[in-house]
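Asker: My questions will all concern the structure given below.
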Amino acid sequence: MTGKVNGITVEEWKNRLECEKCYDLISELFDRIKKSRLNAYITLCEDEALKQAEKYDSGKVEGRLSGIPVAVKDCISTKGIRTTCGSKMLENYVPPFDAHVVERLKQEGAIIIGKTNMDEFAMGTTTETSYFGVVRNPYDEERVAGGSSGGSGACLGGGEAVLALGSDTGGSIRCPASFCGVVGLKPTYGLVSRYGLIPYANSLEQIGPMACCVRDVAVLLEVIAGKDERDSTNAGRGFKFENRYENHSFRIGIVKEMGGNEDVTGRFEEVAELIREMGYEVGEVSMSSFKYALAAYYIIATGEASSNLARYDGVRYGFALEELDSWTRYFSKVRALGFGDEVKRRIMLGTYALSAGYYGKYYLKALKVRTLVKRDFERAFSDFDLLISPTMPALPFKIGELTDPLTMYKMDVNTVPVNMAGIPAMSLPVGLVRGLPVGLQIMGNHFGEEKIISFALKVEERVKEAL
Ligand code: GLN
């Protein structure tokens with residue numbers, strides 16, 4: 001089984017649309033969301049969504065996603081819809097423009113139903129740092145849904161949306177996909193425009209698709225990928241899934257340094273065995289730079305964050321105070337009251353690592369590690385088409401279980417090397433262990449999304465029969 005609790009695929013939703021009015025289906029969906037304890041949404045767009053559903057019923061909406069309810073992570077700008085980034089700092093911020101990906105959703109007739117909950121400024125692995133409260137796991141409400149796109153993962157696993165957008169700086173799409181039993185893909189750096197994505201660490205992050213099956217992820221990626229001159233790092237190319245590798249005999253490499261605890265590795269080994277039985281050549285690969293990757297990631301990411309977050313000064317937008325005495329006191333107070341603890345910790349870490357005396361010792365060293373990580377991947381992809389590992393090193397944690405920041409950071413060990421190299425990677429559900437979902441991470445070379453998806457379709461089918 002894919003580990004689907006109440007998840008709805010595009011095909012299932014379209015079947016429902018054949019017999020029922022879109023308006024009724026969307027109203028039912030909102031009823032379900034309002035009764036839910038998952039806390040997957042920060043803002044619901046009920047009026048606008050119902051209007052769009054009425055339009056669909058009158059035959060006036062065209063496009064590949066017409067009539068499909070889509071949830072959007074709350075760090076992606078939506079014109080006229082509050083976009084909080086999970087922070088008190090942006091609690092009442094309403095963007096005057098749409099992100100590129102939101103423009104694309106609208107062009108394809110999607111129904112945007114709401115903005116999903118997330119770790120504050122996407123900094124976290126469990127969505128416990130959100131100013132709007134923790135997101136609960138649809139498989140066990142006492143556990144976390146993963147992060148930072150926890151709301152996007154939970155709303156899909158819990159049947160509260162059909163498609164969702166997340167963002168991934170160091171694992172934030174793949175982690176909640178893994179914890180909530182859904183599919184999530186971090187695209188190659190540059191494939192999807194970041195225009196309108198509120199930045200955390202620009203050189204690492206990408207917006208990406210999340211859904212309840214591989215095919216739906218492919219469709220959503222086709223919609224959001226593409227040329228956009230407003231993002232200078234945009235690769236200027238689109239994506240079209242043609243299944244060119246349907247019967248390709250991929251060489252699959254298991255990354256030795258990407259592991260996990262017994263719960264996770266036990267299932268991972270079973271899946272690796274299935275992949276072998278399917279006729280793929282499976283080997284092992286060792287990446288010596290990975291032991292430094294996590295530390296380097298947290299220097300680069302916090303460095304970029306400390307500079308990005310300097311814009312929140314309580315003057316131009318966001319959280320502000322009534323009284324203005326001295327400028328420095330005002331600025332400090334706004335930031336002291338507007339940011340949560342984790343965000344402050346990262347601003348301090350990043351500022352320290354970038355400061356004159358330490359820049360060479362930390363930041364430049366981290367950049368060197370980044371180069372080594374890229375080289376290790378290049379080497380691995382000369383021997384293998386795709387690499388695999390467990391997505392997360394453990395099953396979803398109990399809410400409040402991880403208290404110390406360093407232990408939390410360590411949970412990103414399998415996901416961050418991918419962002420450092422800018423390559424694409426998917427988390428695919430591979431059934432349940434003790435009632436909780438496990439994810440398989442499938443990594444490809446730059447712009448290797450086609451290969452990842454072709455392979456994932458096969459594994460998805462096989463896993464459904466076997467596990
Ligand atoms: N957990 C990682 C971090 O906190 C990744 C977050 C993300 O991908 N946005 O930095």
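The values are calculated or read from the model by the stated rules, or taken from the named source; none is laboratory data. Given the structure is predicted, the values throughout are model-derived calculations rather than measurements. Cβ coordinates were reconstructed from backbone atoms using ideal geometry, including for glycine residues, and neighbour counts include every protein chain displayed.
Asker: Hey, any hits in region 259-266 for a residue that's more than 16 Å from the ligand (Cβ to nearest atom), in contact (Cβ under 8 Å) with a residue 60 or more places away in the chain and in contact with a Leu (Cβ under 6 Å, 6 or more places away or on another chain)?
Answerer: Yes, region 259-266 has at least one match.
Asker: Going by what's in this entry, would residue 395 be described as within 30 Å of residue 340 (Cβ to Cβ), away from the ligand (no atom under 14 Å from the Cβ), in a loop (DSSP other than H, G, I, E, B) and not basic (Lys, Arg)?
Answerer: Judged against the criteria, residue 395 is a match.
Asker: In region 1-16, what residues are under 13 Å from residue 159 (Cβ atoms), aliphatic (A, V, I, L, M) and at pLDDT 95 or above?
Answerer: Selection gives 8 alone.
Asker: Follow-up. Restricting the search to region 422-436, which residues are out of contact with any Cys (no Cβ under 8 Å at 6 or more places or on another chain) and crowded, with 24+ Cβ neighbours inside 10 Å?
Answerer: 423, 424, 425, 426, 428, 429, 430, listed by residue number.
Asker: Could you say whether any residue in region 313-333 is aliphatic (A, V, I, L, M) and either in a helix (DSSP H, G or I) or within 16 Å of the ligand (Cβ to nearest atom) (or both)?
Answerer: no
Asker: In region 45-90, what count of residues is obtained for those that are over 15 Å from residue 110 (Cβ atoms), among the polar types (S, T, N, Q) and buried (at least 22 other Cβ atoms within 10 Å of the Cβ)?
Answerer: Going through region 45-90 one residue at a time, the tally reaches 4.
Asker: Another question, if that's okay. Residues being out of contact with any strand residue (DSSP E or B) (no Cβ under 6 Å at 6 or more places or on another chain) and of a type in the set (Val, Ile, Thr): count how many of those fall in region 113-136.
Answerer: 5
Asker: So, one more: In region 69-81, what count of residues is obtained for those that are assigned to a loop (DSSP other than H, G, I, E, B), under 20 Å from residue 154 (Cα atoms) and in contact with an Asp or Glu (Cβ under 8 Å, 6 or more places away or on another chain)?
Answerer: So the answer is 0.
Asker: Restricting to region 342-362, and then to whatever is assigned to a helix (DSSP H, G or I) and among the small types (Gly, Ala, Ser), can you tell me which residue is surrounded by the fewest Cβ atoms within 10 Å (Cβ to Cβ)?
Answerer: Residue satisfying both the conditions and the ranking: 360.
Asker: Which of the residues belonging to region 89-137 are outside any loop (DSSP other than H, G, I, E, B), away from the ligand (no atom under 15 Å from the Cβ) and among the hydrophobic types (A, V, I, L, M, F, W, C)?
Answerer: Hits for region 89-137 are 89, 90, 101, 102, 105, 111, 112, 113.
Asker: How about region 156-202: which of its residues are of a type in the set (D, E, K, R) and within 15 Å of the ligand (Cβ to nearest atom)?
Answerer: Matches in region 156-202: 168, 174, 186, 194.
Asker: Same structure again: Checking the condition within 26 Å of the chain's Cα centre (by Cα), buried (at least 18 other Cβ atoms within 10 Å of the Cβ) and under 30 Å from residue 436 (Cβ atoms), which residue from 384, 339 passes?
Answerer: 384
Asker: Residues of region 101-126 being surrounded by fewer than 24 Cβ atoms within 10 Å (Cβ to Cβ) and in contact with a Ser or Thr (Cβ under 6 Å, 6 or more places away or on another chain), which ones?
Answerer: Matches in region 101-126: 109 only.
Asker: Moving to a separate point now. Considering 442, 452, which residue is more than 16 Å from the ligand (Cβ to nearest atom), surrounded by 18 or more Cβ atoms within 10 Å (Cβ to Cβ), free of Cβ contacts under 8 Å to residues at least 60 places away in the same chain and under 20 Å from residue 207 (Cα atoms)?
Answerer: Sole residue among the options that is more than 16 Å from the ligand (Cβ to nearest atom), surrounded by 18 or more Cβ atoms within 10 Å (Cβ to Cβ), free of Cβ contacts under 8 Å to residues at least 60 places away in the same chain and under 20 Å from residue 207 (Cα atoms): 442.
Asker: Now for a different question. Kindly list, by first and then second residue, each pair from a residue in region 149-162 that is in contact (Cβ under 8 Å) with a residue 24 or more places away in the chain and aromatic (Phe, Trp, Tyr) to a residue that is within 16 Å of the ligand (Cβ to nearest atom) and not in a helix (DSSP H, G or I), limited to pairs with Cβ atoms under 6 Å and residues at least 6 apart or on different chains.
Answerer: Note: no pairs meet the criteria.
Asker: Return the pairs, sorted by first residue and then second, in which the second residue is aliphatic (A, V, I, L, M), the first residue lies in region 222-238 and is over 19 Å from residue 198 (Cα atoms), the beta carbons are less than 6 Å apart, and the residues are 6+ apart or on different chains.
Answerer: Here the result reads 235/191; 238/225, each pair linking region 222-238 to a residue that is aliphatic (A, V, I, L, M).
Asker: Would you confirm, using the coordinates I've provided, whether residue 226 is closer than 18 Å to residue 144 by Cβ and away from the ligand (no atom under 16 Å from the Cβ)?
Answerer: No: the conditions fail for residue 226.
Asker: Here's a follow-up. Please work out if residue 141 is more than 12 Å from the ligand (Cβ to nearest atom), under 25 Å from residue 434 (Cβ atoms), over 14 Å from the mean Cα position of the chain (by Cα) and at pLDDT 95 or above.
Answerer: Yes: the conditions hold for residue 141.
Asker: Continuing with this model, one more query. Considering region 31-68 alone, what residues qualify as being out of contact with any Gly (no Cβ under 9 Å at 6 or more places or on another chain), closer than 24 Å to residue 103 by Cα and either aromatic (Phe, Trp, Tyr) or not in a helix (DSSP H, G or I) (or both)?
Answerer: The answer is 58, 59, 60.
Asker: Right, another one. Sort out which residues of region 279-311 are surrounded by 16 or more Cβ atoms within 10 Å (Cβ to Cβ) and outside any helix (DSSP H, G or I), and write them in order of number.
Answerer: 280, 282, 285, 287, 289 - these are the residues of region 279-311 that are surrounded by 16 or more Cβ atoms within 10 Å (Cβ to Cβ) and outside any helix (DSSP H, G or I).
Asker: Could you tell me which residue of region 323-336 is farthest from the chain's Cα centre (by Cα), considering only residues that are over 15 Å from residue 306 (Cα atoms) and among the basic types (Lys, Arg)?
Answerer: 329
Asker: Of the conditions (1) away from the ligand (no atom under 16 Å from the Cβ); (2) among the small types (Gly, Ala, Ser); (3) farther than 30 Å from residue 363 by Cβ, residue 152 fails just one. Which one is it?
Answerer: (1) is the only condition that residue 152 fails.
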